[in-house]
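Right, one structure below, let's go through it.
The values are calculated or read from the model by the stated rules, or taken from the named source; none is laboratory data. Everything quoted here is computed from the prediction, not taken from an experiment. Glycine also receives a Cβ, built like all others from the backbone with ideal geometry; neighbour counts cover every protein chain displayed. What goes into the accessible areas is simple: the full protein's heavy atoms, side chains included, and nothing from ligands, DNA or RNA. Shrake-Rupley method; radii C 1.70, N 1.55, O 1.52, S 1.80 Å.
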Amino acid sequence: MFDPAIHADRRARLAAQLGDGIAIVATAPEVPRNRDTHYPYRHDSYFYWLSGFAEPEAVVVVIGGDAPETILFCRDRDETREIWDGFRYGPAAAQAHFGFDAAYSITELDARLPDLMGNRTRLAYAVGQDPAWDARVIGWLNAVRTKTRQGILAPGEILDVRHALDEMRLIKDAHELALMRRAAEISTGAHRAAMRATRPGGHEYEIEAELLSAFRRGGAEAPAYTSIVASGANACVLHYVFNNQPLKDGDLLLIDAAAEFGSYAADITRTFPVNGRFSPAQKDVYELVLAAQAAAIDAVRPGNHWNAPHDAAVRVLTQGMVDLKLLAGEVDGLIESKAYDRFYMHRTGHWLGLDVHDAGEYKLNGAWRPLQPGMTLTVEPGLYIRPADDIPEALWNIGIRIEDDVAVTESGCEVLTTPPKTVAEIEDWMQQ
Ligand code: GLY
Ligand code: MN
Ligand code: MN
């Protein structure tokens, strides 16, 4: 599956944009959890997109201009550390395997960077992402400046390398789409297993365990984000992650969970009855959200702009809120005044890729950007009804979101995620 040419081509595209410049992209640090244990390591997505290299303590340098060059700095081989922690490529093997022009020990970074930066007109890195890294880069710049009397110029322009990388990451290639389909497939299987395992008397954490088990059995590295397993009123807490409550007969269960595979995220939400049968009120709200999602998915196609799916979902949801007596008034006016956001307070989607909320601008020159083939996004309308005197009691504590992942194609979009979704599909799957 790993193809160094894909990452080398991305570095070449960055080099072509740099002109006579240099880009420096570091991977993520290891993060302590408590005392001497660390959070599971996850590389930086920009760094990984450029390199395919997953070890910590590594930096990619890309040099543009007439003699473009790509350099990897990484950890040395270390027999003792490898006995304790596992394999490290070391610079020589990493250079060959990942297709760099040169590779050096990460311990040589401070010594080599000022020379590499000399006589480049511009310097691109993730400005302001990490104050310690900013200080280090400025240290190298100042080291170059000490050489001006030898005729060596320091870069005069500093830019944020993420602007160029965001635009490139936004359009997924065939290799990325294949990984995203696999992440979607594994996550779809996990939602199916979770629905099957749900019953009154169980607990939210048991369902979370089903999800995590299915992710790993499917070969995914990790969840793409912290799983939300929210029953009853918890579904109205948008970022609920306690996942510790009992599952009650008559409640709905909202699950927002998905896997990361090959470093690419899926992002799926399903909402279904704990006892396998929707009540009439639950069904009314569910079918409204489902209709909003269908309208939004229908709006995902080239020629439409980023916000068209959101506009479509808001219109369907707002009409439904009037029909359900959650709101009173004219739909256009309720949309205009954003009255709907009492029950629908988030957006209908986001870019999806290496990061669950992926790279890429949503507006260009002040206007929503047009959708283009190769863009991948979520479509995730919802409705969240908290108890209140002016709300029909049958609707209290109903929280519903339906979220799928789609890839924009030439003519519309491909829906990547397919757990049971209609009322009939969910009830059939849960009865079996
Ligand atoms: N699971 C994060 C989101 O839906 O945006
Ligand atoms: Mn999402
Ligand atoms: Mn989600």
Sole miss for G303 among (1) at pLDDT below 95; (2) surrounded by 21 or more Cβ atoms within 10 Å (Cβ to Cβ) is condition (2)
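So that you can scan it fast, the table gives a plain yes or no per residue for (1) within 16 Å of ligand 2 (Cβ to nearest atom); (2) surrounded by fewer than 21 Cβ atoms within 10 Å (Cβ to Cβ); (3) of a type outside the set (D, E); (4) under 21 Å from the mean Cα position of the chain (by Cα):
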position: E206; (1), (2), (3), (4): no, yes, no, no
position: L212; (1), (2), (3), (4): no, yes, yes, yes
position: G219; (1), (2), (3), (4): no, yes, yes, yes
position: A259; (1), (2), (3), (4): yes, no, yes, yes
position: D267; (1), (2), (3), (4): yes, no, no, yes
position: S279; (1), (2), (3), (4): no, yes, yes, no
position: E287; (1), (2), (3), (4): no, yes, no, no
position: A308; (1), (2), (3), (4): no, yes, yes, yes
Of the residues in the stretch 20-44, those that are in a loop (DSSP other than H, G, I, E, B) and open to solvent by 30 Å² or more (accessible area, probe 1.4 Å) come to D20, P29, E30, V31, R35, D36, Y39, P40, Y41, R42
The strands (runs of 3 or more DSSP E) lying wholly within the stretch 219-323 that contain at least 2 residues that are within 15 Å of ligand 3 (Cβ to nearest atom) and closer than 20 Å to H346 by Cβ are 228-231, 252-256, 269-273
When the stretch 96-128 is checked residue by residue, the ones that are crowded, with 19+ Cβ neighbours inside 10 Å, not in a helix (DSSP H, G or I) and not small (G, A, S) are F100, Y104, R120, L123, Y125
Of the listed residues (F47, F87, F53), the one being assigned to a loop (DSSP other than H, G, I, E, B) and either crowded, with 20+ Cβ neighbours inside 10 Å or of a type in the set (V, I, T) (or both) is F53
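Answer with yes or no whether A193 is within 23 Å of G52 (Cα to Cα), of a type in the set (G, A, S), assigned to a helix (DSSP H, G or I) and away from ligand 3 (no atom under 16 Å from the Cβ).
No, not satisfied.
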Residue set A190, A197, A214, A183; condition touching an Asp or Glu at 6+ places or on another chain (Cβ under 6 Å), at negative phi and of a type in the set (G, A, S); output residue A197
In the stretch 223-245, anything exposed (fewer than 15 other Cβ atoms within 10 Å of the Cβ), of a type outside the set (F, W, Y) and more than 16 Å from ligand 2 (Cβ to nearest atom) is listed as N244
Has the stretch 137-152 got at least one residue that is in contact (Cβ under 8 Å) with a residue 24 or more places away in the chain and open to solvent by 60 Å² or more (accessible area, probe 1.4 Å)?
-> no
Picked from the stretch 355-386 (must be among the small types (G, A, S) and either within 16 Å of ligand 2 (Cβ to nearest atom) or farther than 13 Å from L170 by Cβ (or both)), the residue surrounded by the most Cβ atoms within 10 Å (Cβ to Cβ) is G382
Listed by first then second residue, the pairs whose first member lies in the stretch 328-357 and is free of Cβ contacts under 8 Å to residues at least 60 places away in the same chain and closer than 30 Å to F261 by Cβ, whose partner is away from ligand 1 (no atom under 15 Å from the Cβ) and open to solvent by less than 10 Å² (accessible area, probe 1.4 Å), with beta carbons under 8 Å and at least 6 positions apart or on separate chains, are T348/V314
Note on the stretch 57-78: residues open to solvent by 10 Å² or more (accessible area, probe 1.4 Å), in a strand (DSSP E or B) and not acidic (D, E) are T70
Only unsatisfied item for K338, checking (1) over 25 Å from C413 (Cα atoms); (2) within 16 Å of ligand 1 (Cβ to nearest atom); (3) not aromatic (F, W, Y), is (2)
